[in-house]
1. To the nearest µm²/s, what D does Stokes-Einstein give for region 574-647 at 20 °C and 1.002 mPa s, using the Kirkwood radius over alpha carbon pairs as Rh?
2. Taking the Kirkwood radius as the inverse of the mean 1/r across Cα pairs, report the Rg/Rh of region 142-293.
3. So, R0 is 30 Å and r is the distance between the beta-carbons of D678 and F778; what FRET efficiency does that work out to, to 0.05?
4. Could you work out Rg/(2.2 N^0.38 Å) for region 385-424, with Rg from alpha carbons only?
5. For an R0 of 22 angstrom, estimate the FRET efficiency from the Cβ-Cβ distance between F256 and A219 and round to the nearest 0.05.
6. Label 7 Å along Cα→Cβ of S457; region 475-508 residues with amide nitrogen under 20 Å?
7. Once the piece of chain linking L429 and N501 is laid out straight, how much longer is it, given 0.36 nm per residue of separation minus the C-alpha distance between them?
8. Mind checking the full-extension length gain between R765 and L486? Use 0.36 nm per residue of separation minus the Cα-Cα distance, one decimal, nm.
Amino acid sequence: MMKIWFVCIWMTLASLPLLAQENMTQTIRGRVIDTDGKYPLPGVSVFLESSEQEQPLGTVTDEEGRYRLEKVPIGRQSLRFSLLGYKEVVRSNLILTSSKELILDVEMEEMAVSLADVEVRATRSGEAQNEMAVVSARAFTVEETDRYAGSRGDPARMASNFAGVQGADDSRNDIVIRGNAPGSVLWQLEGVNIPNPNHFGAAGTAGGPVNIINNKILANSDFYTGAFPAEYGNTVSGVFDLKFRKGNNENHERSFQLGFMGAELFMEGPLDKETQSSYLLGYRYSSLQLFSGLGIDVGTTAVPRYQDLAFKFNFPLKNKGTLSVFGVGGTSDIDILASNLHVDERDLYGDTDRDQYFGSRMGVVGISYEHILPNNTYMKATLAASQEYVGAQHFFIVGQRKPDGYIDIEALPQVLGFDFSTNKYSQVLSFFKKIDNRNTLNYGFQNDIYQFNFSDSARRVNIFPGNGMGFETTPWATRWDTSGELAVLAQPYVQWKHRLNDQVSFVAGLHSQYFSLGNAWSPIEPRAGLTWRLPNEQSLNFGMGFHSQIQTPYTYFYKFTDMERPALGTQQHNRNMGFTRSKHLVAGYEKILGQQIRMKLESYYQHLTQVPVEHRSSSFSLLNTGASFDRLFPEVGLVNEGTGENYGVELTLEKYYSKGYMFLVTGSLFESKYRGSDGVLRDTEFNGNYAFNLLATKEFDTKRGLIGVGTNLTTAGGRRFGPVDMQRTLEQQNIIFTDEGRNSLQFDPYFRADLRINYRINSPRLSHEIALDLINVFNTRNILNLTWSPNELQNPDPEQSVIQNYQLGFLPIFYYKVDF
């Protein structure tokens, strides 16, 4: 089978040059609307800047704001949109292939004063699409998630290249934003807050090994790292605001991708050309059996299995409204059988003393209605339902190692079984009111109705002393037994933008948040931002905001006996936890150097309060959680009395793609501190103090195709840890640090180099791309954490069972894609 696979790849590569043709063209079309009122803009001049033809290509939008440029040469192009009284918009680095039309919708912002009084400034690629975002925000494109070496088509891995953002674990896509715990990141799709959109996502996390949302179905989206606008709530860290693109409403197009990670199929096209309705479908199925056959290390000897589906149906209506139905979902499972492992083998995702069967799924389906109302008002209403599920069964290995390194199994008693699921029903309503060319009002609400279902039982296995394999199991202990419990999270907001002139604009907003579980309420959370544009393409930006976030839902329902208050018995001691609260303050400076280079400098300070900590004096804090597959099992009740602070400075130097190359250099110097209930100021686990990234791509345009070579170099301070409490670690079979030295030690600095090579070729109505991503090309052994790995199945030695767990080593990822 492997021979057939490589023969097919070789035949494809050999035949591509024969298919290539020069002078191929394609169509660019789309719609231009007003940023504030969302109504169409007729008369917009659309000009192809990068055209090398004698007669430059250009057109003007019609009454519906639509434009069409035909016979545009394939390759990278740039468009400029201009209209009297509006700020120019430049969309650069657009990739045009022979097989797919480029559909580009653009929003333009009306100027506050006449053109005679101001210096015209173009809105460029990379600027956040949300006009209420002033600081710590940027837009990203689908192409960026593919072009960045090491990103693997994943928005979260791509974002780890941005200033202030770090990857928490090479085997997962969790990200640490300005020192905050990875689990505090908010994912939003089509304006709806959604569950963790990752395969193999553990309870209480916002990441996983593979993202369920495939980048090929995304439109341009926004990413925020602090002081975000008032419409975003229930997060203290950052926001992914993702949007699905609309399918092609004129022509049917398909895309197929095959690689070591699996197979993907995408289809789009018109449902009814007369009404301009369209569909967009994407499906992916993956099994890493090919990796296992080639002996490539992906962190586990088990075979992860996953599949996902995404879709969007768009129906323009006759009353200036649009109805859309969207959805995304995925399922994944893995069987990690430590009983089959050799003594020299390891599994990054599993424990060495048990067999583990793990499964997860996530799904969202929604319907949205958009309508342009009279008086320059735009309305969008969305109803959505979502579910996330995580479940596992563990079986303890009773046996002994044989001389050949494998296990002679005596028995496999079950020691754990859990099923966690959360259903959520969301209602979102938002209005955009353009009062005049200086004032815009945006208001609305997001309500989420939760239904929690948590069940979990565990027991221990005690091995009898002696040479035999006698054992006994303790009675089952029920730790979660919640079924059908309801809770409501309500989040109304209002925000207003005022332009004093075209140099100075001000944004002010209010957000409110109420969670019925624990009766937590944050009545007023002010948000504000100021932009002051200076001469010579410079600007100063300031932002502040109060934010709050609920705790990981399963932690509210954990039943246990408080070690400090045993008389209270077994109950849900953490049920009344309140919000974690945060205050953000950001100041930034930005300058355009020449025509294609942007420099951005930001400094920030974040103060966290009401962080859950133990009610007894200890170093524990929820600010150190959310970056692994492990769940949280506190020994005593939690109270909202902890604090934390993050502060630092960030630099971004970005060259937009031109003259065949681009680069992105980012650097961060920061501190991330917290106080537990003992009042001691400590480093958080994520306080590496520094992070630097260098990302560059060079493309060579040949007569037969386009060759791209990209690299990504990342270095960062190591994670924090402390001395291990050996006695408690042995009792709980999980790493427990001493309070006295918690996070006083640091692992070696992290370093990783990635390389990406791709070859793209166009033929009539068909385009191909072959790419090879080489992750960690130098096979650097970066330490991830300390882990409990018993050196013996029975009666392990604690000193030898606490080992360093390493990040993934060298990992090659190949794929072949064809669009037709």
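The values are calculated or read from the model by the stated rules, or taken from the named source; none is laboratory data. Owing to the predicted nature of the structure, the values given are computational and were not obtained by experimental measurement. Neighbour counts are summed over all protein chains in view; Cβ atoms, including those assigned to glycine, are modelled from backbone coordinates with ideal geometry. Accessible surface areas use protein heavy atoms only, side chains included; no ligands, DNA or RNA. Shrake-Rupley method; radii C 1.70, N 1.55, O 1.52, S 1.80 Å.
1. Working: Rh = 15.2 Å.
Estimated via Stokes-Einstein, D reaches 141 µm²/s.
2. Working: Rg = 16.7 Å, Rh = 16.7 Å.
My calculation of the ratio gives 1.00.
3. Details: r = 41 Å, r/R0 = 1.38.
The computed FRET efficiency comes out at 0.15.
4. Details: Rg = 16.9 Å, N = 40, 2.2 N^0.38 = 8.9 Å.
Taking the Cα Rg and dividing by 2.2 N^0.38 Å, one obtains 1.89.
5. Values: r = 21 Å, r/R0 = 0.96.
Approximately 0.55, to the nearest 0.05.
6. 475-485, by backbone N distance to the label point.
7. Details: separation 72, 0.36 × 72 = 25.92 nm, distance 3.02 nm.
So the chain would gain 22.9 nm between L429 and N501.
8. Values: separation 279, 0.36 × 279 = 100.44 nm, distance 5.24 nm.
Between R765 and L486, full extension yields an extra 95.2 nm.
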